[in-house]
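The values are calculated or read from the model by the stated rules, or taken from the named source; none is laboratory data. Bear in mind that the values here come from a model prediction, so they are computed numbers and not experimental data. Here the Cβ positions follow ideal geometry from the backbone for every residue, glycine too, while neighbour counts run over all protein chains shown.
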Amino acid sequence: MIVIMNQKLLLSVSLTCLFLIIFFINFKQAFSDPQTQLINNGCSQYNVTDMSDFNTNINATFADLRAQLDAGKLFATAQQPRGSSPIYAMIQCRSYLSPADCVACYAAAESLIRNCSASNGARVVYLGCSLRYESSLFYDQSTQEGRFGFCGNRTALQVTAFSAAVKELVQNLQVTTPKISGFFVASKEELVGGGGGNNTAVYGVAQCVETISESGCRDCLATAYDSIQRCFGNAFGWAVDVGCFLRYSDTPFFADNQTTNLAPFLKIGK
């Protein structure tokens, strides 16, 4: 009888352990997302003159970026300015990503950007991060030809209320982000007069490169706003320029505790 009870207890413990393992695997999958959906990439049309020097410099630069991300950073620059093929590089992860997801996004971006082979400059932009390298210093650039905007292929529910909420949110992001340390804002806007339904809010983020000026951030977000305003009736959209990233969606893609109280910053300068 004691043996049978112990067997039942052992079976119960085993099933509990199996359940916990499955739960934590699903938990990790649900809350770990490097957001490696490609939204923009390109290679310079100009090639380096010394491939050996270039490979040495780019390998050292990318290793430096990876080390900084492994240490917990979400933004990093690195450079090898000497030699015939100097390299300057920058990685920026969205500030709502975890350090682990940032590293995963960077790894995907590095793998893809190496396809540019001998190009003396290249960029890869995912939803979750942006990676760029050039043969000259670019850290203070805010806008450039080749800016990009994308509208989702799904019309929002309660489109009138949703469009109004998106416009309000994106305008607020545009105004406040340059004023906030780190140039990153995550926020949401409740729909007014939407009549209920599943979509009651719109979620958005704005982010500028940390090495540009406040005025550069403001200028970049102005161009991003121009690129994204045609999308407001769509359920999601995003815009990128060399110095900034702007995104909204009818579904949350960051945690509530990552949002910023915009009210104090909206009052500044008014």
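Table for the structure above
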| read-out | value |
| --- | --- |
| Unique match (being aliphatic (A, V, I, L, M), in contact (Cβ under 8 Å) with a residue 12 or more places away in the chain and in a strand (DSSP E or B)) among Leu246, Leu221, Leu266 | Leu246 |
| Condition check for Ala71: on the phi < 0 side of the Ramachandran plot, surrounded by 14 or more Cβ atoms within 10 Å (Cβ to Cβ) and more than 16 Å from the chain's Cα centre (by Cα) | no |
| Residue within segment 91-99 that is under 22 Å from Asn57 (Cα atoms) and over 12 Å from the mean Cα position of the chain (by Cα) present | no |
| Number of the exception - Asp64 against (1) outside any helix (DSSP H, G or I); (2) farther than 26 Å from Asp256 by Cβ | (1) |
| Selection from segment 217-270 of residues that are closer than 19 Å to Asn153 by Cα, in contact with a Cys (Cβ under 8 Å, 6 or more places away or on another chain) and charged (D, E, K, R) | Arg230 |
| From the options Val185, Val159, Val192, residue that is surrounded by fewer than 17 Cβ atoms within 10 Å (Cβ to Cβ), farther than 16 Å from Phe236 by Cβ and touching a residue at least 12 places away in the same chain (Cβ under 8 Å) | Val192 |
| Inter-residue pairs, beta-carbon under 6 Å, first free of Cβ contacts under 8 Å to residues at least 24 places away in the same chain and in segment 60-84, second of a type in the set (Val, Ile, Thr), 6+ apart | Ala76/Ile91; Ala78/Thr61 |
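For (1) among the hydrophobic types (A, V, I, L, M, F, W, C); (2) crowded, with 19+ Cβ neighbours inside 10 Å; (3) at pLDDT 75 or above, each residue gets a yes or a no:
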site	(1), (2), (3)
Val3	yes, no, no
Asn6	no, no, no
Leu11	yes, no, no
Asn26	no, no, no
Asp53	no, no, yes
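Here is a yes/no grid of residues against (1) in contact with a Leu (Cβ under 7 Å, 6 or more places away or on another chain); (2) more than 26 Å from Thr259 (Cα to Cα); (3) among the basic types (Lys, Arg):
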| residue | (1), (2), (3) |
| --- | --- |
| Leu69 | no, no, no |
| Phe75 | no, no, no |
| Gln80 | no, yes, no |
| Ser84 | no, yes, no |
| Ala100 | no, no, no |
| Ala104 | no, no, no |
| Ala108 | no, yes, no |
| Arg114 | no, yes, yes |
| Tyr126 | yes, no, no |
